[in-house]
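Notes for the one structure printed next.
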Amino acid sequence: MDDFVYAETDPAELDRYREEVETWMNENMPRRDPVNPWHPTQDDDLRSSRNRELQRRLYDGGYAAVCYPKEYGGQSLTAAHQKIIDDVSMDFDMPILFSVPTLSICGPVILEFGTEEQRQRYIPAWIRGEELWVQFISEPSGGSDMAGALTRADRDGDEFIINGSKIWSTFAQRSDYALMLARTNWEVPKHRGLTMFIVPIHHPGIEIHPIQMVDRTEEFCQEFFNDVAIPAANVVGKVNDGWTVASRLLFHERAAVGNASPYTQGRHRNRTADGVEDLAAIAQVHGGADMGRHRQRLGYMETLSRVEELLSDRVVKGIEGGFLPAPAGSLVRLFHGLSRTERQTVAMEMQGDRALVWNQGESSGAFGLEYIQRQQACIGGGTTEMARNIISERILGMPREPAADRDLPFNQVPRSG
Amino acid sequence: MDDFVYAETDPAELDRYREEVETWMNENMPRRDPVNPWHPTQDDDLRSSRNRELQRRLYDGGYAAVCYPKEYGGQSLTAAHQKIIDDVSMDFDMPILFSVPTLSICGPVILEFGTEEQRQRYIPAWIRGEELWVQFISEPSGGSDMAGALTRADRDGDEFIINGSKIWSTFAQRSDYALMLARTNWEVPKHRGLTMFIVPIHHPGIEIHPIQMVDRTEEFCQEFFNDVAIPAANVVGKVNDGWTVASRLLFHERAAVGNASPYTQGRHRNRTADGVEDLAAIAQVHGGADMGRHRQRLGYMETLSRVEELLSDRVVKGIEGGFLPAPAGSLVRLFHGLSRTERQTVAMEMQGDRALVWNQGESSGAFGLEYIQRQQACIGGGTTEMARNIISERILGMPREPAADRDLPFNQVPRSG
Amino acid sequence: MAPVRFDLSDDQEFFRETARRFIEAEVPISVVREWHELPDGCPESWWQAAAELGWTSLMVPESLGGGSISGRPIVDLTIVADEMGRGVTPGPFMPTNVVADTLGRSGSPDQQALLEGVLAGEVVLAWAFCEPGGDWTASHITAAAVPSNGGYALTGTKVAVEAGPQAHHLLVTARTAEGLAQFLVPSDAPGVTIAPQESLDLGRRFAEVRLVGVAVGPEALVGAPGAATEADVARQCLLMQLLQCADNAGSSAKVLEFTIEYAFDRYSFGRPLASYQALKHRFADMKLWSEASQAAVDGAADAFADGQDEARMVSVAKSYVGDRSVELMQDCVQMHGGIGVTYEHDLHLYLRRATVNRGLFGTPGDHRVTLSKMMGY
Amino acid sequence: MAPVRFDLSDDQEFFRETARRFIEAEVPISVVREWHELPDGCPESWWQAAAELGWTSLMVPESLGGGSISGRPIVDLTIVADEMGRGVTPGPFMPTNVVADTLGRSGSPDQQALLEGVLAGEVVLAWAFCEPGGDWTASHITAAAVPSNGGYALTGTKVAVEAGPQAHHLLVTARTAEGLAQFLVPSDAPGVTIAPQESLDLGRRFAEVRLVGVAVGPEALVGAPGAATEADVARQCLLMQLLQCADNAGSSAKVLEFTIEYAFDRYSFGRPLASYQALKHRFADMKLWSEASQAAVDGAADAFADGQDEARMVSVAKSYVGDRSVELMQDCVQMHGGIGVTYEHDLHLYLRRATVNRGLFGTPGDHRVTLSKMMGY
């Protein structure tokens, strides 16, 4: 089964729910400070993080991860309900850190492949805000080739011993557990020798190094594993069947990145020009002689952001109704990457020189910084190149790229220099 | 040898030559009618064509195909001299029809691979304006895969019997001879079973069907061959070595399309917005509220046309000096295709509604017609896709595309449905 | 998998299927080409058959014999436009429905009586709106309606009047002392000259309409001059723009479909075109444009049907679909190579029509300016 | 095959080679990163060594101890700019040369005496030109030079003054009753406040320069106010823009080189990235942009050296190179994937600098407007 579960809901019920959510949020969630908003990623204390506290509040109110089944702490509601919560929550601080990957990526994977014990043990802990998860999937040598993992897990009695390195995990240092893909058989083609594990992050054998991004923030990490022993009970799905699990994980990642996941809570906001309104405001300030050009840009940005919403609704409906295959999430992912880079370019252009050279303390430089990092939107969570492969091969059914490693035993596959 | 022959020439000599050419043209060539210019392709009478007459005038004056060796009717001069003639000739009617493919594509091929008899027999006839040539290379089933020719030439004593079909020859019905690529061996891989022939076009066994383009003009033709007997003496190069000849032919075609050939005479002009000045004029008329947008477009078009000139000079110099490999002509071809389609799009935009719906007799519709045909600039003379393959593979040295037909006997190669 | 709405009711789905089968049976491309030679662009009998399927009744109130399929007539209308785009189907569909909508809403009983003929496909309506050099907004209208013996005398020149050559009645937008006004005028009224214009689109018909002191009675007025008419005109523009977008979404989806087929069938260097990654990635982009265009059209149609923010959403659609649809078709021409720029190949028929839809009633650039102004800039 | 001019004389080629080897030996990227911490962006001693290679003498007349390599100093200057771009090499190269050029042409003997220090790399010059919200043309200048006891009092605010923090003297552009004028002012003159600004470019230094009633004598005037100064300012702008373009042509060529290498070395799904056609075609476009950028820079430099149509050709270069260089780098970031947006990777150092070069002294869009106006529209 390659799509989400949705239920029919009548409009009246949804209107009622919206009112209910609005009332509750007003009474229970902190309003977003428009001037100097709190950014979920700013707060870096592990145990008593604001994200965990806010997640707990949602849980107590019954508005946490509402698409999850009741028995695991959710509400068994529909994507429509979650969307209402997201809309309303735009004016409030939300525990965004729990949305990706914990609830939207790791969550559905455990729901689908986890043992009942694993589900009982872990899912409620997320929804109550007690545990944050990350993914240990990408590797320094791997790029988009997730199945090319070199990290090894060698069986030793009822344990597996992990050695190797993973990269691009989000805030691993602040998190508790990770879903990790490791190679358990080197004698077979790459897809058939992988296994998915649940790994406790704060383990003596695991070193975590934050990665400094171009703007010097440290959202991502690289991890090094030295003889990390993991109980066999932590295997997710079957041993050597990890790729089945991983491809579902990647599917949910695309959905999350493409705003097509019903498991995310709230919406991420950008430091600078997130909405087109923000751009309009910039134009007001710096417009002047360039009004003609700014109007074209502004109108185009408004076009892209509206069409992006409409497309993502269409894709969700299309997958839900079986009109579109599940990989259609890649359409949203591709559109998002392209429109976001476009927006950051336009924002920089509108800011003018101030985005390039600014007085100490001025905020205009952030526009320049976001511009030089704009490709992140086309890289993170699966590159736009992979999205185009998926669209052409899995939606349009075009022939797959010849892969030199398709049927070769993995230990014979050519690798980076 | 994969590049043109150039000679050093001192600037003073060139200035003198320019004056000489100007004087001569003023006295001997008909001035271009700015209002209702003559278009070399309009005139469709085979024998007494204006192109032939103008070519003869150039020859009598000693300004025809000046880069050709003296012994074949040229002047053994340099590309710099030809460029001067081209510059000066912009104000005069020129026999453009002889430039491509006769002088710039077929010419160098005969120079390089033709027997002395062939050279003596054919080259002077072009330069004197007596014979026009075309190419019979592309085939309906072939697309960019010139070496996949299905037209067969079966040996019969000292003749070859041709059967099959060719397409995209330019004004074949007005021409005299063609360079034709045909398959003489089906048991070997495609590149090793081809032969190049000189074919008299007006032959009972050859049917010529003009192809109507989107704007209903008929520049190109398709030909059908039924048991056309060609003497073995008409083979160019060696039997079954036709691909060697053809790849040189394609090289010269790219040079010609990329304005990098020293063998073309004069420059082709467009029916509508050819120069940026034309665009500026349109903007003057229809500018109005869109001034801001038009300025951006106009400035960008000026940018592209200037850079295109500079790039093509650079590439000619680069190939000449051995700084760039011969395939660098594809850079110019690619730039040209992209800038031309851009210009035709902008011209249509500037014309506004009049390019879409117009009163009978108004000329503004031509802008709409050129817009819907704009891709011709990215297709004719080798597609931009082929140019990108050439640039990445032969200039950047990237791995070639896997070809299913590389080493397969041709009669076993998979073909279009 | 053709990109149509995913929320069609069974009735709407049946309506769509019927339209598609009707077009495939009655107006295959070969017939479209034959009809290029017809002065009206299509036979009257065929238009009457189309009308029987409800193509002219959707915007007409039930009280006047019309009626929609879903109760959301605008959505139903885009379904037909989408299918007509897929078939580059000729016919006075857009102007007839747009004018019929206004007559149904603002017309006098006498004027509404005309709708019976429209429902039967016997009466074709055209909208004489844009003037030479005009910008497709009411503000540029200079045609004058001067009071004269109890009625008005209309004078002005209108261009790109779709269905002008075959229209029986014209809705003429003009200025009066009381503000903007619209008049329903018989095409053969004295003083009216209708000169067919040439168009990039070989299927539909356009005309220049010259009015020289055309005398009409007060009963020719459609609705009240001033604010009411301004609102009618604004709605007529939005409706035309929405239908143009639906038409282009349908035609570009269709072009993409047959170009993808071509890429599978066509071999180059022993491999199908569809196996070349550089082309696959461009097809992926085109698929994205096509799906997003459909989403934009549906979003605009819904906004219109709900009366919520329709001006913005229609401009968004025009801004997005206008550009993506023609760029998609141009890249499909490129994918076809030489054959794609021949008259014999059908591609240019789609591109011609889409290019006209893109430009009339405002280019994408124009609509971006509109959107920017809506944002107060 | 790095895209440099194909018509370099042996002397020029030697000059270029020397510059490249000097940069590779003295300022490898590791050193560039260390120098980010230096207040002046580079050690004085290094700048003096660079000056010994002739980096500050090209625009200075031989009579004053300067001299070019080829007799076409502007061309020689772009050779250094291209190499510095390839190395993202810091240093007050652009403003020092631009101001030195003006002093050499219009300066008084006393002012020209300063050039000796410039030639030795001991004196750094900056140009205090653009004002907050300014458009990089003389017309926006509001800084005032008011006559006061025999000399002038200068008042105004200048921003994005390159090399401002380390400059010994400032060339200040201001208005007088006689028209536009320029003054050579010691950085430590009373009333001058130089506040370092932050920049996307971590290598070069910029400052805001505030002048409050700065008293200068008549001898501080550089050239004659009015037309003569207008011409000097125009030339200074063109020179800065040309050097920005040469810098970006060099840096984007370098980025493309190491990204292509990466594509050969990096394997994905058992194949090098360089074997994927979708990427190959993008690399082909980038190669095109890179070669065309070099052609545009060389064309502008030649036009400048020949004094023929240089304003147009420099705007053409800024319009083309400005956009293509940063788009090339952004696509190279994409080719690198995640590692390309890390601080540790060098790519962003190039992109930061190229983005600043693209924007200061007019964006590509600004220069397209300029070109359009040159065409009388």
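A short reminder: the numbers here are calculations on the coordinates, not readings from a lab. Note that this is a predicted model, so its numbers are computed, not measured. All Cβ positions, glycine included, derive from the backbone under ideal geometry; neighbour counts span all protein chains shown.
Summary table
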| item | result |
| --- | --- |
| Residue check for residue C:121: in contact (Cβ under 8 Å) with a residue 40 or more places away in the chain, at positive phi and not in a strand (DSSP E or B) | yes |
| Flag for residue D:203 being touching a His at 6+ places or on another chain (Cβ under 8 Å) and within 14 Å of chain A (Cβ to nearest Cβ) | yes |
| Hits in the range D:224-238 - residues which are under 24 Å from residue D:315 (Cβ atoms) and in contact with a strand residue (DSSP E or B) (Cβ under 8 Å, 6 or more places away or on another chain) | D:227, D:229, D:230, D:232, D:233, D:236 |
| Residues of the range C:205-230 satisfying the condition of being under 21 Å from the mean Cα position of the chain (by Cα) and over 16 Å from residue C:168 (Cα atoms) | C:229, C:230 |
| Answer residue from the range C:303-332, given it is free of Cβ contacts under 8 Å to residues at least 60 places away in the same chain and small (Gly, Ala, Ser) and is farthest from residue C:244 (Cα to Cα) among those | C:307 |
| Residue satisfying all of: in the range C:316-366; surrounded by 24 or more Cβ atoms within 10 Å (Cβ to Cβ) and among the aromatic types (Phe, Trp, Tyr); nearest to the other protein chains (Cβ to nearest Cβ) among these | C:320 |
| Selected residue (only one of C:9, C:68, C:30 is out of contact with any strand residue (DSSP E or B) (no Cβ under 7 Å at 6 or more places or on another chain) and either under 24 Å from residue C:260 (Cβ atoms) or charged (D, E, K, R) (or both)) | C:30 |
| Scan of the range D:254-263 for residues that are crowded, with 23+ Cβ neighbours inside 10 Å and away from chain B (no Cβ under 13 Å), ordered by number | D:255 |
| Boolean, residue C:48 is more than 19 Å from the chain's Cα centre (by Cα) and not basic (Lys, Arg) | no |
| Check on residue D:59, away from chain B (no Cβ under 14 Å), under 28 Å from residue D:346 (Cβ atoms) and within 15 Å of the chain's Cα centre (by Cα) | no |
| Pair list, Cβ under 6 Å, 6 or more apart: the range C:225-236 residue surrounded by fewer than 14 Cβ atoms within 10 Å (Cβ to Cβ), other residue outside any helix (DSSP H, G or I) and basic (Lys, Arg) | none |
| Verdict on residue B:68 being under 26 Å from residue B:234 (Cα atoms) and not in a helix (DSSP H, G or I) | yes |
| Of all residues in the range A:340-379 being charged (D, E, K, R) and closer than 22 Å to residue A:302 by Cβ, the one that is surrounded by the fewest Cβ atoms within 10 Å (Cβ to Cβ) | A:342 |
| The range B:111-133, residues that are surrounded by 24 or more Cβ atoms within 10 Å (Cβ to Cβ) and not in a loop (DSSP other than H, G, I, E, B) | B:123, B:126, B:127, B:133 |
| Selection count where residues are surrounded by fewer than 24 Cβ atoms within 10 Å (Cβ to Cβ) and more than 22 Å from residue C:362 (Cβ to Cβ), scope the range C:153-168 | 5 |
| Odd one out for residue A:353 among (1) away from chain C (no Cβ under 14 Å); (2) assigned to a loop (DSSP other than H, G, I, E, B); (3) not hydrophobic (A, V, I, L, M, F, W, C) | (2) |
| Given (1) in contact (Cβ under 8 Å) with a residue 12 or more places away in the chain; (2) of a type in the set (D, E, K, R); (3) under 18 Å from residue C:354 (Cβ atoms), index of the condition residue B:340 fails | (3) |
| Of the criteria (1) in a helix (DSSP H, G or I); (2) more than 14 Å from every other protein chain (Cβ to nearest Cβ); (3) without any contact (Cβ under 8 Å) to a residue 12 or more places away in the chain; (4) surrounded by 14 or more Cβ atoms within 10 Å (Cβ to Cβ), which one residue C:84 fails | (3) |
| Residue within the range D:248-270 that is over 30 Å from residue A:221 (Cα atoms) and of a type in the set (A, V, I, L, M) present | yes |
| The listed residue being assigned to a helix (DSSP H, G or I), in contact with a helix residue (DSSP H, G or I) (Cβ under 7 Å, 6 or more places away or on another chain) and surrounded by fewer than 21 Cβ atoms within 10 Å (Cβ to Cβ), out of C:101, C:135, C:76, C:110 | C:110 |
| Filtered residues of the range B:380-415 (kept if buried (at least 22 other Cβ atoms within 10 Å of the Cβ), touching a residue at least 24 places away in the same chain (Cβ under 8 Å) and either within 10 Å of chain C (Cβ to nearest Cβ) or not in a loop (DSSP other than H, G, I, E, B) (or both)) | B:384, B:385, B:387, B:388, B:390, B:391, B:405, B:410 |
| Within the range A:195-222, tally of residues that are over 17 Å from residue A:370 (Cα atoms), crowded, with 21+ Cβ neighbours inside 10 Å and in contact with a His (Cβ under 7 Å, 6 or more places away or on another chain) | 1 |
| Pairs with Cβ under 7 Å, 6+ apart, first in the range B:167-178 and under 19 Å from residue B:146 (Cα atoms), second among the charged types (D, E, K, R) | B:167/B:139; B:169/B:223; B:170/B:219; B:172/B:223 |
| Among residues of the range A:301-327, those that are touching a residue at least 60 places away in the same chain (Cβ under 8 Å) and either hydroxyl-bearing (Ser, Thr, Tyr) or more than 8 Å from every other protein chain (Cβ to nearest Cβ) (or both), counted | 7 |
| Boolean, residue D:198 is in contact (Cβ under 8 Å) with a residue 12 or more places away in the chain and surrounded by fewer than 22 Cβ atoms within 10 Å (Cβ to Cβ) | no |
